[in-house]
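Colleague: Following this message is one structure expressed as structure tokens.
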Amino acid sequence: MSKGWFKVRLKLLALILTTFFIFSGLSATERSITIGSKNFGENFLLAEILALMLESEGLSVDRAFGLGGTLICYEALRNEEIDLYFEYTGTLSRAVLNLEEVVSEESLAEQLLTEGLFMMPRLGFNNTYAIAVRRETANLLKGKTIGALGGQEDLKVVFSHEFLERPDGWNGLSRRYGLSFSVSGIEHGLAYRALADGVIDVTDAYSTDGELERYDLVLLNDSLSFFPTYFAVPLVRASWASDKENASILRVIEKLSGEIDDATMRSLNAQVVSEGITYQRVARAFVLQKGFVADGVIEAEKESVLRDILSDLGRNLIRHLELTGLALFFGTFFGLAISLFAYDKAGISKIVLSLCGLLQTIPSLALLAIMIPIFGIGFLPAVIALFLYSLLPIVRNTLTALTTIDPVLISVSDALGMTKWQQLRLVKLPLSAPAIFAGIRTAAVISIGTATLAAFIGAGGLGDPIVVGLSLSDMNLILQGAIPAALLALLTEYCFGKAESAVSSRYRKVS
Amino acid sequence: MVTPIITFTNVSKRYGDSVVLSEIDLEIPNGQTTVIVGQSGSGKTTLLRMVNGLIKPDSGRLEVFGDLVPEDNIENFRRKIGYAVQGAGLFPHVSVKENIVLIARLVGWSREDIDERFEMLMRQMELPLDLSDRIPNELSGGQQQRVGLCRALMLKPKLLLLDEPFSAVDPLTRLELYEVVEKLISNEAVSIVMVSHDLGEAKRLGDRMVVLQNGIILQNDLISNVIGNPATPYVERLVQSAT
């Protein structure tokens, strides 16, 4: 490597490290609560409502919204990365505690306590699975019950893929009610539209989905109580709840208890999905209307949407560059170190290559999830996951290049009397440089793409608007992340291409 | 006979089951050009590459410059021996000049000494100085081979090993190369050991000839004696094939 390139790298590292420390310094405020949310609209809304209530009490709130699902939120809570998120009782008993039987809320709360978690009183609504039909179909059915579907063989019954698979889905439901339809599968996001347009007649729904209101759909009565209840509850750590310092916070949270019923939640959700109002705005209107927050206490609507978008973009872009820059830096450093250590030991190179290959086969989201118990959520685990991903292309290219150098050149440099180190520095590395560079380039582009997933574990970056946008079906938001990420990948590809040819053209100069 | 610069005593080498060199006893005299001749697989290249320690003997004793080929610090030992190979083996990523002077810079020669020696070698090999900044790919095969010779001679070695350096170029270029090597032999005080499968080449450039077959030395003598008095029918056939 030339001195110039080394200097550039040093500067880049310094830049990345400084921004990293500035950012990590900023997030360390004295008294604050971190609220997490899952990656779907309703959970965003609930988290934002509580955040606004707490902020109006003068507390500082860190929003770790859009974390990638139940497992990630749950682990993040247990690992003290977040202090609270909204969970559903059915999910807690089925997916988290893996209980076979439906248990009472008291017994659920007890079992959670043994896990060190404290389940707070429910908000009111029950977001359970339900069976949805158009209003005119409902009118044909006696008592508007699920059982009444029995006689209606000409209805087109189509369910989401997940509902067809789950034991508490169609399998159990059809047995309980003795229904026999020939059913097929559909993507959940498309089902409502298909139902409303009359393409299908019956589908599964979540009982508080905003689309139910938007398309004037009716939920059939579960008269045999087949579906478990999914009451939304605030979930915190028991130790956090028993801390006297947090007593005032708990009182604010308890204000929400019983305040949001099915219809209210459905209408709040509908404002986001059908009227295109941001969840922040819907949450603000709700807390004001409920009197949880006095008017004028919380920040007024920001005026310039464009300025907002640009400042978000800037923040996300910088975070994205930090994530990929650090991962790539360490990936390059350790990738080269590992390769240089292993290249002349055939057995070890093989093991190294298979290990790196193995890492690559772990799905990105799974790798991020695995990181949580070890490193928590946020920046660090994301950088580590990206670092692990960047290893394979760098190590593979470096090892291949170093081991496939023309043997004549090796024996000539031996014969000239070069030491092993001189040979590596003056012959092997320069000859491998284009391949090594190509490896780093691949790693960079992979990192930029994969880093968008880091938003699922609260690491921010350009994935942030994508994750939120996906949750809220907001194409504008998705594009605000996806377009810059794609441009960044292209730009990186271009810059590396330029740098690569600069490295190769050094072959022509004399020293 | 002159003092030997290289002495093989009972040296053997095998790769797996195949014996490449079998109990070789050989003295190579100082100040002369010795050509090792034999078909491919005769062990001639192995013999040559043992001299600068690229290949280690399995058994036997090999002395160069009166001492055993060292185990430690072999780099220093190798720097006293020039080495040029078929196809030149130039480093493709650096210039002609860098190829030639690299090793001198590594051992700490001054810039002036380097430049002086470099220019002298270029002249001797009849290479124009404006090739200095070119990369090897931009040179003809013959030019590359000359650069390879310059590189081998940079540190003023007392011993030069040539591994079929003329076999990858066309006949006309080969004749030109013979001329520069002849000049080199008369200008530089260097002993040469050259591997060749071309008896004509041996006759033109060499003083002595060693004929190898299947890892065994058939004859080791002045070239005129080998030609006039072949030791075995194989050597005789070899001699006849070249005339």
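Colleague: When B:Glu71 is evaluated against the numbered criteria (1) in a loop (DSSP other than H, G, I, E, B); (2) surrounded by fewer than 20 Cβ atoms within 10 Å (Cβ to Cβ); (3) touching a helix residue (DSSP H, G or I) at 6+ places or on another chain (Cβ under 9 Å), which criterion, by number, is the only one it fails?
Modeller: Unmet for B:Glu71, out of (1) in a loop (DSSP other than H, G, I, E, B); (2) surrounded by fewer than 20 Cβ atoms within 10 Å (Cβ to Cβ); (3) touching a helix residue (DSSP H, G or I) at 6+ places or on another chain (Cβ under 9 Å): (3).
Colleague: Within the range B:190-204, track down each residue that is aliphatic (A, V, I, L, M) and surrounded by fewer than 20 Cβ atoms within 10 Å (Cβ to Cβ).
Modeller: Scanning the range B:190-204 gives a single hit, B:Val190.
Colleague: For the range B:34-55, what are the residues that are outside any helix (DSSP H, G or I), within 12 Å of another protein chain (Cβ to nearest Cβ) and farther than 21 Å from B:Ile185 by Cα?
Modeller: The answer is B:Gly53, B:Leu54, B:Ile55.
Colleague: In the range A:272-296, what residues are in contact with a Phe, Trp or Tyr (Cβ under 9 Å, 6 or more places away or on another chain) and at pLDDT 90 or above?
Modeller: Residues satisfying the conditions are A:Ala283, A:Phe286.
Colleague: Let me confirm something: among A:Val183, A:Val157, which residue is in contact with an Asp or Glu (Cβ under 8 Å, 6 or more places away or on another chain), more than 30 Å from A:Glu80 (Cβ to Cβ), in contact (Cβ under 8 Å) with a residue 24 or more places away in the chain and not hydroxyl-bearing (Ser, Thr, Tyr)?
Modeller: A:Val157
Colleague: Continuing with this model, one more query. When residues of the range B:120-157 are filtered for being charged (D, E, K, R), within 14 Å of another protein chain (Cβ to nearest Cβ) and assigned to a helix (DSSP H, G or I), how many remain?
Modeller: Residues meeting the conditions: 3.
Colleague: Might you let me know whether the range A:453-464 holds any residue that is closer than 30 Å to A:Leu353 by Cα and over 38 Å from the mean Cα position of the chain (by Cα)?
Modeller: Among the residues of the range A:453-464, not one is closer than 30 Å to A:Leu353 by Cα and over 38 Å from the mean Cα position of the chain (by Cα), which makes the answer no.
Colleague: Report yes if some residue within the range A:496-507 is part of a helix (DSSP H, G or I), facing chain B (nearest Cβ under 10 Å), closer than 30 Å to B:Glu164 by Cα and not basic (Lys, Arg); otherwise report no.
Modeller: The answer is yes, given that some residue of the range A:496-507 is part of a helix (DSSP H, G or I), facing chain B (nearest Cβ under 10 Å), closer than 30 Å to B:Glu164 by Cα and not basic (Lys, Arg).
Colleague: What helices (runs of 4 or more DSSP H) lie completely within the range A:333-405 and have 1 or more residues being among the aliphatic types (A, V, I, L, M) and loosely packed, with under 15 Cβ neighbours inside 10 Å?
Modeller: A:346-361, A:364-375
Colleague: Select, from B:Arg105, B:Arg79, B:Arg49, the only residue that is over 18 Å from the mean Cα position of the chain (by Cα) and not hydrophobic (A, V, I, L, M, F, W, C).
Modeller: Being over 18 Å from the mean Cα position of the chain (by Cα) and not hydrophobic (A, V, I, L, M, F, W, C) holds for just one of B:Arg105, B:Arg79, B:Arg49, which is B:Arg105.
Colleague: Return a yes/no flag: does the range B:81-104 have any residue that is charged (D, E, K, R) and more than 7 Å from chain A (Cβ to nearest Cβ).
Modeller: Scanning the range B:81-104, I find no residue that is charged (D, E, K, R) and more than 7 Å from chain A (Cβ to nearest Cβ), so the answer is no.
Colleague: Sticking with this one: Would you confirm whether any residue within the range A:232-247 is acidic (Asp, Glu), more than 29 Å from the chain's Cα centre (by Cα) and either under 14 Å from A:Thr128 (Cα atoms) or crowded, with 16+ Cβ neighbours inside 10 Å (or both)?
Modeller: no
Colleague: Taking the options A:Leu45, A:Leu52, A:Leu71, name whichever one is in a helix (DSSP H, G or I) and at pLDDT below 85.
Modeller: Only one candidate passes the filter, namely A:Leu71.
Colleague: Same structure, new question: Just to be sure I understand the filter: pairs with C-beta atoms under 7 Å, separated by 6 or more residues or on different chains, first member in the range A:486-511 and within 17 Å of A:Leu313 (Cβ to Cβ) and surrounded by fewer than 16 Cβ atoms within 10 Å (Cβ to Cβ), second member modelled with pLDDT under 80 and among the acidic types (Asp, Glu). Which pairs pass?
Modeller: No pair meets every condition.
Colleague: Looking at (1) modelled with pLDDT of 90 or more; (2) more than 25 Å from B:Arg79 (Cα to Cα), which is the one condition that is false for B:Thr173?
Modeller: Exception for B:Thr173: condition (1).
Colleague: State whether the residues of the range A:121-141 include one that is surrounded by fewer than 18 Cβ atoms within 10 Å (Cβ to Cβ), modelled with pLDDT under 90 and touching a strand residue (DSSP E or B) at 6+ places or on another chain (Cβ under 6 Å).
Modeller: Within the range A:121-141, not a single residue is surrounded by fewer than 18 Cβ atoms within 10 Å (Cβ to Cβ), modelled with pLDDT under 90 and touching a strand residue (DSSP E or B) at 6+ places or on another chain (Cβ under 6 Å).
Colleague: From the residues in the range A:400-458 that are touching an Asp or Glu at 6+ places or on another chain (Cβ under 6 Å) and not hydrophobic (A, V, I, L, M, F, W, C), which one is farthest from the other protein chains (Cβ to nearest Cβ)?
Modeller: My answer is A:Thr419.
Colleague: Regarding B:Glu126, is this residue surrounded by fewer than 22 Cβ atoms within 10 Å (Cβ to Cβ) and either at negative phi or in contact with a strand residue (DSSP E or B) (Cβ under 8 Å, 6 or more places away or on another chain) (or both)?
Modeller: So B:Glu126 fails the test.
Colleague: While we're here: Quick check: anything in the range A:55-64 within 27 Å of A:Asp209 (Cβ to Cβ), in contact (Cβ under 8 Å) with a residue 60 or more places away in the chain and out of contact with any Pro (no Cβ under 9 Å at 6 or more places or on another chain)?
Modeller: Yes, because at least one residue in the range A:55-64 is within 27 Å of A:Asp209 (Cβ to Cβ), in contact (Cβ under 8 Å) with a residue 60 or more places away in the chain and out of contact with any Pro (no Cβ under 9 Å at 6 or more places or on another chain).
Residue-by-condition table, conditions (1) touching a Ser or Thr at 6+ places or on another chain (Cβ under 9 Å); (2) at pLDDT below 90:
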| residue | (1), (2) |
| --- | --- |
| A:Ala443 | yes, no |
| A:Gly460 | no, yes |
| A:Asn476 | no, yes |
| A:Ala486 | no, no |
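Colleague: Tell me which of these A:Phe227 doesn't satisfy, since it passes every other one: (1) modelled with pLDDT of 90 or more; (2) under 15 Å from A:Leu173 (Cα atoms).
Modeller: Only one criterion in (1) modelled with pLDDT of 90 or more; (2) under 15 Å from A:Leu173 (Cα atoms) is unmet by A:Phe227, namely (1).
Colleague: Still on this structure: Being touching a residue at least 40 places away in the same chain (Cβ under 8 Å), small (Gly, Ala, Ser) and more than 23 Å from A:Ser432 (Cβ to Cβ) narrows it down to one of B:Gly82, B:Gly108, B:Gly87, so name that one.
Modeller: Sole residue among the options that is touching a residue at least 40 places away in the same chain (Cβ under 8 Å), small (Gly, Ala, Ser) and more than 23 Å from A:Ser432 (Cβ to Cβ): B:Gly82.
Colleague: Name the single residue, out of those in the range A:74-99 being charged (D, E, K, R) and not in a helix (DSSP H, G or I), that is surrounded by the fewest Cβ atoms within 10 Å (Cβ to Cβ).
Modeller: A:Glu80
Colleague: Moving to a separate point now. Just to confirm my filter: which strands (runs of 3 or more DSSP E) fall fully inside the range A:100-219 and include at least 3 residues that are under 30 Å from A:Val252 (Cβ atoms)?
Modeller: A:117-119
The values are calculated or read from the model by the stated rules, or taken from the named source; none is laboratory data. The structure displayed is predicted, hence computed values, not measured ones. Note that each Cβ is placed from the backbone with ideal geometry, even for glycine, and that neighbours are counted across all protein chains shown.
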